[in-house]
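Worksheet for the structure shown next.
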Amino acid sequence: MTNVMPAKVGDYVAAHVLWRRGRARALARLGQPDQAATLAHEAVVLAERTDNLNLRGDAFLDRADVLCTCGDEAGAARDVDAALALYERKGNLAMADRARRLSRSSVSPPVLD
């Protein structure tokens, strides 16, 4: 897996968020929880700087996936709730429904697309 991503975020916030989200999920499944959690957190922090509610919600859902994979179900539940609030605010009914179903679920979230 590549470690290559330009250091400066600049105008490419979405690309940096997407890279961190994907890499975090992969690292969580490869048994590297500390690195995964760090990247997932960075993705949320970067996304939160934007006004893109879908990007922000997606970052929260991916971090929830990472946290759940790493055994932090309480943290995952908080992130799912944060994503749900963002999707509802945006009016993204499909993703709000997905987040709502995950919020009600007591099992690990499925792999999120």
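Number of residues in segment 46-68 that are free of Cβ contacts under 8 Å to residues at least 24 places away in the same chain and touching a helix residue (DSSP H, G or I) at 6+ places or on another chain (Cβ under 9 Å) equals 1. The listed residues are 55, 46, and the only one of them that is touching a His at 6+ places or on another chain (Cβ under 6 Å), within 16 Å of residue 16 (Cβ to Cβ) and among the aliphatic types (A, V, I, L, M) turns out to be 46. Here 51, 34, 11 are screened, and the one residue that is among the charged types (D, E, K, R), modelled with pLDDT of 95 or more and outside any helix (DSSP H, G or I) is 51.
The values are calculated or read from the model by the stated rules, or taken from the named source; none is laboratory data. Since the model is a prediction, treat every value here as computed from it, not as a measurement. Cβ sites come from the backbone with ideal geometry, for glycine too, and all protein chains shown count toward neighbours.
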